Amino acid sequence: MMKKRTFAPMNIPSIFNCSNDMALAAHVRQYLPPKRIQCMERDLAELARVWEDTRFAGPWGWSLATKQRYKQMGIPVEALPSDEWLEEVRRLSSRQFACGYIKGLLAELSDSRLLGGEMRWCDRSIFDDAAFSPSKSMSPTPTDRCPRLRLTDVLASNFEGQTGRSQFIFKSPWSSSGRGVFVAEVGGRMSTAPCRGGELLIGDLPRSAAKRLQGFLSAQGGFAMDRFYADKVLDFAMEFFIHDDHAVEFLGYSVFATGEHGAYGYNYVESQDALLRRIAVDTALLDRLIAHHQAYLAKTAYRGPVGIDMLKTADGNVHPCLEINFRLNMGILALLLHERYGSTATVDLTPRRGQGFQAKLEQGKFFLQMNA
């Protein structure tokens, strides 16, 4: 159960700016999201009423564009965060940060039940001058430094000698709700060579996937990659709130459903006991993860809500950090909705529409849906 507010939030209107991750990627003050996202923000604007009288009052997420929007609404600049703080939020929100974070987590906790050791960040520095052309891959040479590669080469670790086809998931640095994410199969025999910081894996990447990665490199400077866990049985998250005094409060767990490649489906709106029964992971391991997340988050300059997405596989193993959302998220929304309505209510949270987007609570599930 979440504690009551312990400090006064900034006196600004609450807004549902679900395009914020796209705005972080664009990194401009004047950002116009795609028309479909504009429609979503317009249709779901009243969703902000759920958090407007809570400690989370304000925007769904912060970016230069969000700050500019508030300035245009007449909010004094002194009531808004500095550009330097927003730059740090952008850095923390990148999947590059999550890739670095999980390495330290796995090294410190050293538990065989924790996945994520194959999660990698790739940027332009690892590719040669032909990086923007999906041409034939270069052969690695045994050396103490990483050879520079082309887009048909794939970086990973712990796959030495693997044959056949493997699925990888690729993600742009900033995106949400399954956008900027795709799965591709890598075929052929995998070969490795020594490389500073780990093993180098070379395989065949489909041309369509190479083109999408070209787009990630051109638009956002890099991409994250990880093993695609086809045996995933559960998506869940840990929700936190970082206070002004650096104290990191654990708000609770959230459990959610996604589509095949990560598109948001719905959140369960249930008690923490019920959610823990769904998660069904050793609570001692979960407590260790909570403590690690709290200790690390306390060192950041960010203040506000944070969600860390995780998954569980069929054998009970846990990926402890798929990504970190330094903003409001559907999991915290589900916690607020449970506090307000319990687990059995059916409520239209935004106007019922014949066409367009609608948010609704229906007997223990929170949905965002598009009506044709």
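The values are calculated or read from the model by the stated rules, or taken from the named source; none is laboratory data. Please read these numbers as outputs of a predicted model, since none were measured by experiment. Every residue, glycine among them, receives a Cβ derived from its backbone with ideal geometry; neighbour counts consider all protein chains shown.
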> Going by the structure shown, is Tyr264 closer than 26 Å to Lys360 by Cα, modelled with pLDDT under 95 and crowded, with 17+ Cβ neighbours inside 10 Å?
Replying inline: yes
>> I need the full set of residues from segment 362-372 which are touching a residue at least 40 places away in the same chain (Cβ under 8 Å) and farther than 19 Å from Ala257 by Cβ, in order please.
In response: none
> So is Ala301 more than 22 Å from Met40 (Cα to Cα) and either surrounded by 18 or more Cβ atoms within 10 Å (Cβ to Cβ) or outside the structural domain of Trp174 (by TED's automatic domain parsing) (or both) or not?
Replying inline: yes
> Could you say whether any residue in segment 343-362 is out of contact with any helix residue (DSSP H, G or I) (no Cβ under 7 Å at 6 or more places or on another chain) and among the aliphatic types (A, V, I, L, M)?
Replying inline: yes
>> Please go through segment 19-43 and give me each residue that is touching a strand residue (DSSP E or B) at 6+ places or on another chain (Cβ under 6 Å) and farther than 16 Å from Arg179 by Cβ, ordered by number.
In response: Asp43
>> Go through segment 244-280 and report how many residues are over 20 Å from Met330 (Cβ atoms) and touching a strand residue (DSSP E or B) at 6+ places or on another chain (Cβ under 6 Å).
In response: 1
>> Quick check on this structure: which one of Leu234, Leu276 is without any contact (Cβ under 8 Å) to a residue 60 or more places away in the chain and farther than 23 Å from Arg55 by Cβ?
In response: Leu276
>> Being modelled with pLDDT under 95 and over 25 Å from Gly117 (Cβ atoms) is the requirement here; does Ala274 meet it?
In response: no
> Does at least one position in segment 352-361 carry a residue that is touching a Lys or Arg at 6+ places or on another chain (Cβ under 9 Å), over 30 Å from Asp282 (Cα atoms), in contact (Cβ under 8 Å) with a residue 40 or more places away in the chain and among the aliphatic types (A, V, I, L, M)?
Replying inline: no
> For the subset of segment 176-224 comprising residues that are modelled with pLDDT under 80 and part of a loop (DSSP other than H, G, I, E, B), which member is nearest to Ala23 (Cα to Cα)?
Replying inline: Ser176
>> With the condition being within 18 Å of Arg327 (Cα to Cα) and under 17 Å from the mean Cα position of the chain (by Cα), I'd like the helices (runs of 4 or more DSSP H) fully within segment 42-125 carrying at least 1 qualifying residues.
In response: 83-93, 95-109
> Residues in segment 223-241 that are of a type in the set (Gly, Ala, Ser) and buried (at least 21 other Cβ atoms within 10 Å of the Cβ): how many?
Replying inline: 2
> If Tyr101 passes every condition in (1) of a type in the set (Ser, Thr, Tyr); (2) in contact with a strand residue (DSSP E or B) (Cβ under 7 Å, 6 or more places away or on another chain); (3) on the phi > 0 side of the Ramachandran plot but one, which one does it miss?
Replying inline: (3)
> Which one of Thr283, Thr258, Thr300 is closer than 26 Å to Glu118 by Cα and at pLDDT below 95?
Replying inline: Thr258
>> Looking for something farther than 27 Å from Ser112 by Cβ and touching a Ser or Thr at 6+ places or on another chain (Cβ under 7 Å) - is there at least one such residue anywhere in segment 243-254?
In response: yes
